[in-house]
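Data block below; observations after.
The values are calculated or read from the model by the stated rules, or taken from the named source; none is laboratory data. Model, not experiment: these values are computed from the prediction. A quick note on method: Cβ atoms are made from the backbone with ideal geometry, for glycine too, and the neighbour counts reach across all protein chains shown. These area figures cover heavy atoms from the full protein model, side chains too; ligands, DNA and RNA do not enter into them. Shrake-Rupley method; radii C 1.70, N 1.55, O 1.52, S 1.80 Å.
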Amino acid sequence: MSDFDYDLFVIGGGSGGVRAARVAASETGAKVALAEADRYGGTCVIRGCVPKKLMVFASEYNHVPDMARAYGWEMTAGDFNWQGFRRQLNAELDRLEGVYRSLLKNAGVETFDARASLRDAHTVTLSTGETVTAKHILVAAGGHPVRPEMDNAQLAIVSDDIFHLEELPKSILIIGGGYIACEFACILNGLGVEVTQYYRGAQILRGFDEEARGLIAESMREQGIDLHTGTNIVEMRRATKEDIARGDDAPSPAATMGASARQADGLAGDDASGDSGGPVWVKATNGRTRVFDTVMFATGRRPNTDDMGLAEIGVGLGRNGQIEVNEYSQTAVPSVYAIGDVTDRVNLTPVAIREGMAFVETVFKGNATPVDHSLIPSAVFTQPEFGTVGLTEEAAREQQEIEVYCTSFRPMQSAFAGKPDRVLMKLVVSKADRTVLGCHIVAPGAGEMIQLAGVAVKMGATKEDFDRTVAVHPTMSEEIVTMRNPMRTA
Ligand code: NDP
């Protein structure tokens, strides 16, 4: 008999926490409980990857009539019905949340719809007033979007709020140049919103391959996104009638009505959500002032570690509030582990799931398994998509002599329709041992392509292995095995 109520108590019902809880319970017979303060499924399912990808799909239909006409179809574009789409979206999220709840139930995991905090190394207190003990505690509490510290920042929404908008704004300013900023710029542009994006740096998507970043920025501008690099917001406030009357940037009366409807819906004044109760006046670093129906900060995320008693019991926290862990996801308190965004290592759903599985393997199966964070393929769902694995050309060049194989071309499908779209296929190769160190693809479907290229790169494939593979013709991705001569060496 254990001295504790549970063998494992998991805090957070997102992808990582749910996976760890149900595998520990179903595969090792551990007595497991899980607390979730919000909706089961967490960021990925409820306000991240899943609704975002469904919005990507919705936005891509914008281009269909144009393309179809070039292929002989008589087709006219209709209007996008945001309310209709949102109804479907919410029904799908409800369904998925139900799936997550039943996965836990079927695995025998006890659930608490409550906020949890730590009292000591083995004790959890719940917002319901209950106190429970566990041999091991796993913190998988995720993260949340943050606004920069500036006056009136609350007037702007964040990515969580997008899915709750009663109406799409006519115009939006997105601030930031990371994954979320670029993805939502493309999505909203595709849905017919006038999108302006301010990014403080010289080029969007910092940290990714420079050539790929350049092509994505160019494509975004070509689609009509008003992207300003080297630009940030310095001031914001609710727009006055005079502001709205003053310039070309005045929002439409319809959009203003939409904003009032959102205010009535309770978004305004809510601490967790942006106050989208009317147009916002914004001053940029270049001195220009403009009015937008909505402003969105996509300026990064922060781990959910406030008021959880973590530091008090000796868990180490980093500068961004992230829980510090070792290679086994163990904190400075031996019975407390942490996985996923709350540790701010690689903030991706499949990585959190891996970390959860490695935790169960280590702690409940007696097989010490460090988490492998090397060569993680990922995709940015811009339009076109960006799939990437391994080192960028710039990072590889710092480490060793390399050859760069690269091609950029107009893909058959859109070229036939007279579109200017271009794609990029790039391999960064070690000159010494011919290993493919990095693969970067900007193309429609690049997310799907990089999953498969990622297997080869993870296996340590050489450029010659790619060359030995016969092309699948006619495809865009065949170029990845047909690039014969390096574009440059460095
Ligand atoms: P990122 O860290 O990727 O980007 C934040 C952006 O905001 C950067 O461009 C940053 O600029 C800018 N920024 C930060 N602070 C300020 C400020 N004070 N003023 C102006 N700009 C500022 O965060 P995201 O929120 O986009 O995404 C968070 C994480 O979520 C990602 O890192 C990723 O791990 C994950 N994610 C993954 C997705 C996917 O796999 N497709 C999709 C969405 C999110 P600078 O570059 O100068 O620092």
Two pseudo-spin positions, 7 Å from Cα along C-beta at Arg246 and at Asn152, lie apart in nanometres by 1.0
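Mind ordering 88-99, 388-399 by average Cβ neighbours within 10 Å, highest first? List each step's numbers first, then the result.
Numbers: 88-99: 13.9, 388-399: 18.7.
Going from most to least packed, we get 388-399, 88-99.
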Rounded to whole angstroms and listed largest first, the alpha-carbon spread of the stretch 133-210 along its three principal axes comes to 53, 37, 29
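Sorted by accessible area (1.4 Å probe), largest first, how do Asp38, Asp160, Asp120 line up?
Details: Asp38 85, Asp160 30, Asp120 65 Å².
The ranking, largest first, comes out as Asp38, Asp120, Asp160.
Report the rotationally averaged projected area of the stretch 33-118 based on its alpha-carbon convex hull, in square nanometres.
On the way: hull surface 30.8 nm².
Computed as one quarter of the Cα hull surface, the answer is 7.7 nm².
Kindly state, to the nearest 0.05, the FRET efficiency for Arg319 paired with Arg237, given R0 = 30 Å and r defined as their beta-carbon distance.
Details: r = 30 Å, r/R0 = 1.01.
The pair Arg319/Arg237 has a calculated efficiency of 0.50.
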Computed curve, the stretch 97-140, Cα-only Debye sum without solvent term, log₁₀ I(q)/I(0) at 0.19 Å⁻¹, is -0.67
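Among DSSP beta bridges whose residues both lie in the chain, state the antiparallel percentage, nearest 5.
On the way: 47 of 77 bridges.
Taking every DSSP beta bridge within the chain, about 60 percent pair in antiparallel fashion.
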The lysines whose Cα lies under 16 Å from the Cα of Lys431, excluding any fewer than 8 residues away in the same chain, are Lys463
Whole-number value, in Å³ per residue, for the convex hull of the alpha carbons of the chain is 170
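Give a quick list of trypsin sites (Lys or Arg not before Pro) in the stretch 339-368 that DSSP marks as loop, anything other than H, G, I, E or B, with at most 16 other Cβ atoms within 10 Å. Before the final figure, lay out the partial values.
Numbers: sites: Arg345, Arg354, Lys365; in loops: Arg345, Lys365.
Those that pass, being in a loop and sparsely packed, are Lys365.
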